[in-house]
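Below is one structure; the comments refer to it alone.
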Amino acid sequence: MKNIFLAAGLFLSQIISAQYNYPVTPEKAVVDDYFGTKITDQYRWLEDLKNPEVEKWFKSQSDFSHSIINTIPHREDLYKRMKEVQEMNGDSFDAIFQRQNTYFYTKTKKNENLSKLYSRDLSSGKETLIFDPETLGKDTQITNFAIDSKAKKIAILFSKSGGEICNLRILDLTTHQLLKDEIGPIWSEFGFEFTQDDKGILYTKMSTSDPDSNMLLKDMKAMLHVIGMDTKTDKILASREEYPELNALTEQFTSVYFTDDYKYIVLRLSSVKSESPIFVAPYSELKNKKVKWRQIIKPSDDITDVFISGDKLFLLTHKDTPNYKITLTSLSKPDLNNAKVVVPESKDKVIISIHNSKNYLYYSLGDGIVRDKYQVNINTLVGKKVDFPTGVNSSLSLNQRENDNIFCNNVNWLTPLTTYEYNPEKGDIVKSKYLNSETNYPDYNALYTVKEIEVKSHDGVMVPLSIIYPKNMKMDGSNPAYITGYGGYGFSYEPRFSARLSVLLEQGVILAVAHVRGGGEKGERWHEAGMKATKPNTWKDFIACSEYLVNQKYTSPSKLIGNGVSAGGILIGRAITARPDLYAVAIPEVGLTNALRTEITANGPNQIPEIGTLKNEEDTKHLIEMDAQSKVKKGVKYPAVIVRVGMNDSRVVPWMPGKFAAALQNNSASGKPVLLYANYDNGHFTSDYDVIFKEYADIFAFALWQVGHPDFQPSKK
């Protein structure tokens, strides 16, 4: 195939447009009538991922993209530098648990790509490798694990190549052998745990392991597996079909867990909507043929989390308090309207999450930039702030059934993660001896400046914007800038340190994070101001923040890189279709860019509470407005675009971003490249650092080429 490359001059010169010979994407019109609004979809045929023609198209697009990217110099340098920065952190830790006097954790060594399972004896300090996942085959990854009460068995959840359809195996710590039990399929985010006698495992089973099945994330079942028995004999504890009295929707997840004292089983009918129906049943119900569930929470109660201790029912709620409060009532006779207020609503900060140790409840109070940690004694209800260092403090219990030990990860934009340990009874906050590594980072705070400001959006609302840039940078509009955002599900884009983004900073790129509506930075009202009918605020906030960077001469449109990931695909897709002149480059990653077709995907019905349904005329109007693909018009000069797709992605099906890339290739008049970066070793994400860094080295090199960075210009042809 003939390739014609963009020629580049000096770093301040404009890149000369050229025509690209993309793999041919036929247009086969399908016209849909959405309550009187007709929309033509030229790329519906790409939705059949099992069609050999579609498979060939994705492979051709991938090959074509690499043929272009491979001409960009210094990609390998970016990759090596990301690896170097990652290794400066030493080893990194993931899931961490304690049993008696032993820590169990997954750890990725600084010179390795995948995490392995380890234990450490706290008396001797000796560390032992328990399990290397690649003994089960290349690209096998540990997604999560759980330990029984006596530390005799570990249940390990395994995935492959970034996929999220997992299987559970049980490791006998006495023999160091995997038992014959193979439990699954299980979605990567679902919890599982041992029964009180350690003879069984509670888990949520998917209805299929076929990633292309429309039933993939539907009609799941809460199950009890007896270790050593055939999984065909596993008991169904909750499901839509076998338990019609639950009134479960086909897309709701039946997630189950035990209370810490094993007196109750708790069932949540989960979805992207945090306000889930919640049921309880006595632990003794496990022996019955069918569990008798009692509902204690309805979605209309506006409760997003609960904690049960004996007969105490603690509630995290935004009922009439958009910044949330924590209340307490009786589990046996809940009275939500008259529940005792344990932690009142804050005026300027949001209660983000709760968790517990044996005798304490912990909650996070944050404003989107700083997250402080507080404790409440479960018995006396006396509370106080825990003085972890300033930043985002995320804590979890090491073993809430045995003790009050917690660990807390502290991080900022320029401060890599540090883990602290704390016990309320002892009162001391200590840097963890075993959960940190020796680091070798430069002093990023001496090199870069962080600004936290607010920008006026289209309707006068002030939107938080975080800006990170090299010190003493001249603000004359000549600097490349990278702006990202999310704006969905009430998720806050809090400060975090990123090895790959730090490498962008080293290239003289300004980093910016727009804390747009739809997120949770300013509480539930901020979330509600960016969903369904109000969803346009999400991309309009992003555009306002982008314009601010230009107007204040941090950068200019010819130097501005826009990014959005997953649900952030709505944000970046609509930003460049609304304001194609504002961005030089767009990077939609595994993005929800075809909102009108979301509902027909396996994960689609689950998104209805957030974005709406085509069955409702009013919702459909809003979905049309969110849909980036249908906004691509012939002859418009769109930015250069690199669309990242994980071919093992079951959250956002690969055809969705694929169709968006096809529409831009066939319609853009800018002459700038539109590449579909299809990764066959990745899903929605992966924990394999090698895959991650190679991918982002390519993507960032493409972006730096397009904004005229002198080190990333292909040689002229």
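The values are calculated or read from the model by the stated rules, or taken from the named source; none is laboratory data. These numbers were taken from a predicted model, which means no experiment stands behind them. FYI the Cβ positions are ideal-geometry reconstructions off the backbone, even for glycines, and counts take in every protein chain you see.
Here are some notes:
- Sole residue being of a type in the set (A, V, I, L, M, F, W, C), assigned by TED's automatic domain parsing to the domain that holds D459 and in contact with a Phe, Trp or Tyr (Cβ under 6 Å, 6 or more places away or on another chain), chosen from I576, I587: I576
- Residues of region 104-151 classified as polar (S, T, N, Q) and within 23 Å of the chain's Cα centre (by Cα), total: 8
- Qualifying positions in region 602-615 - without any contact (Cβ under 8 Å) to a residue 40 or more places away in the chain and either among the aromatic types (F, W, Y) or over 14 Å from S271 (Cβ atoms) (or both): K615
- Evaluation of K634 against (1) in a loop (DSSP other than H, G, I, E, B); (2) touching a His at 6+ places or on another chain (Cβ under 7 Å) (one fails), failing number: (2)
- Pairs where the first residue, in region 520-532, is more than 17 Å from G485 (Cβ to Cβ) and the second is assigned to a helix (DSSP H, G or I), C-beta under 6 Å, 6+ apart: K532/H622
- Members of region 433-468 found to be of a type outside the set (A, V, I, L, M) and either closer than 28 Å to I406 by Cβ or touching a Ser or Thr at 6+ places or on another chain (Cβ under 7 Å) (or both), listed by number: K433, Y434, N436, S437, E438, T439, N440, Y441, Y444, N445, E452, S466
- For region 324-333, filtering for residues that are touching a Lys or Arg at 6+ places or on another chain (Cβ under 6 Å) and either surrounded by fewer than 16 Cβ atoms within 10 Å (Cβ to Cβ) or modelled with pLDDT under 95 (or both) leaves 0.
- Among the residues of region 85-96, some residue qualifies, meaning at least one is over 26 Å from K694 (Cβ atoms) and in contact with a Leu (Cβ under 9 Å, 6 or more places away or on another chain).
- Some residue of region 205-223 being closer than 27 Å to L173 by Cβ, assigned by TED's automatic domain parsing to the domain that holds F253 and β-branched (V, I, T): no
- Options Y203, Y103: the member that is crowded, with 18+ Cβ neighbours inside 10 Å, closer than 21 Å to L237 by Cα and either among the charged types (D, E, K, R) or out of contact with any Asp or Glu (no Cβ under 8 Å at 6 or more places or on another chain) (or both): Y203
- Comparison of I624, I642, I608, I600 shows that the only residue that is under 28 Å from S188 (Cα atoms), touching a strand residue (DSSP E or B) at 6+ places or on another chain (Cβ under 7 Å) and of a type in the set (V, I, T) is I642.
- From the options E625, E618, E599, residue that is free of Cβ contacts under 8 Å to residues at least 40 places away in the same chain, assigned to a helix (DSSP H, G or I) and either surrounded by fewer than 24 Cβ atoms within 10 Å (Cβ to Cβ) or on the phi < 0 side of the Ramachandran plot (or both): E599
- Every residue from region 636-668 that is surrounded by fewer than 18 Cβ atoms within 10 Å (Cβ to Cβ) and within 19 Å of A584 (Cβ to Cβ): V636, K637, N667
- The strands (runs of 3 or more DSSP E) found entirely in region 484-591 that carry 2 or more residues being at pLDDT 95 or above and under 16 Å from Y638 (Cα atoms) are 560-565, 585-589.
- All positions within region 42-63 that are over 23 Å from A602 (Cα atoms) and buried (at least 20 other Cβ atoms within 10 Å of the Cβ): Q61
- Any hit, region 410-431, residues being touching a Lys or Arg at 6+ places or on another chain (Cβ under 9 Å), at pLDDT 95 or above and among the acidic types (D, E): yes
- Residue check for S332: of a type in the set (S, T, Y) and in a loop (DSSP other than H, G, I, E, B): yes
- Condition met for Q61 (on the phi < 0 side of the Ramachandran plot, in contact with a helix residue (DSSP H, G or I) (Cβ under 6 Å, 6 or more places away or on another chain) and not in a strand (DSSP E or B)): no
- Test result for I39, surrounded by 20 or more Cβ atoms within 10 Å (Cβ to Cβ), modelled with pLDDT of 95 or more and not in a helix (DSSP H, G or I): no
- Breaking point among (1) assigned to a loop (DSSP other than H, G, I, E, B); (2) surrounded by fewer than 18 Cβ atoms within 10 Å (Cβ to Cβ); (3) of a type in the set (D, E), for E452: (1)
This table checks each residue for (1) surrounded by 16 or more Cβ atoms within 10 Å (Cβ to Cβ); (2) touching a strand residue (DSSP E or B) at 6+ places or on another chain (Cβ under 8 Å).
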{"residue": "V266", "(1), (2)": "yes, yes"}
{"residue": "E275", "(1), (2)": "yes, yes"}
{"residue": "F279", "(1), (2)": "yes, yes"}
{"residue": "H318", "(1), (2)": "yes, yes"}
{"residue": "P322", "(1), (2)": "yes, no"}
{"residue": "D335", "(1), (2)": "no, yes"}
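- Scanning region 152-180 for residues that are of a type in the set (A, V, I, L, M) and surrounded by fewer than 17 Cβ atoms within 10 Å (Cβ to Cβ), we see that the one that is farthest from the chain's Cα centre (by Cα) is L179.
- Residue that is nearest to L224 (Cα to Cα) [pool: residues in region 181-200 that are buried (at least 19 other Cβ atoms within 10 Å of the Cβ) and among the polar types (S, T, N, Q)]: T195
- Qualifying residue in region 341-354 (condition: of a type in the set (D, E), touching a residue at least 12 places away in the same chain (Cβ under 8 Å) and surrounded by fewer than 20 Cβ atoms within 10 Å (Cβ to Cβ)): yes
- Among residues of region 236-246, those that are surrounded by fewer than 18 Cβ atoms within 10 Å (Cβ to Cβ) and in contact (Cβ under 8 Å) with a residue 12 or more places away in the chain, counted: 4
- Of the strands (runs of 3 or more DSSP E) lying entirely inside region 352-391, those containing at least 1 residues that are of a type in the set (S, T, Y) span 360-366, 371-377.
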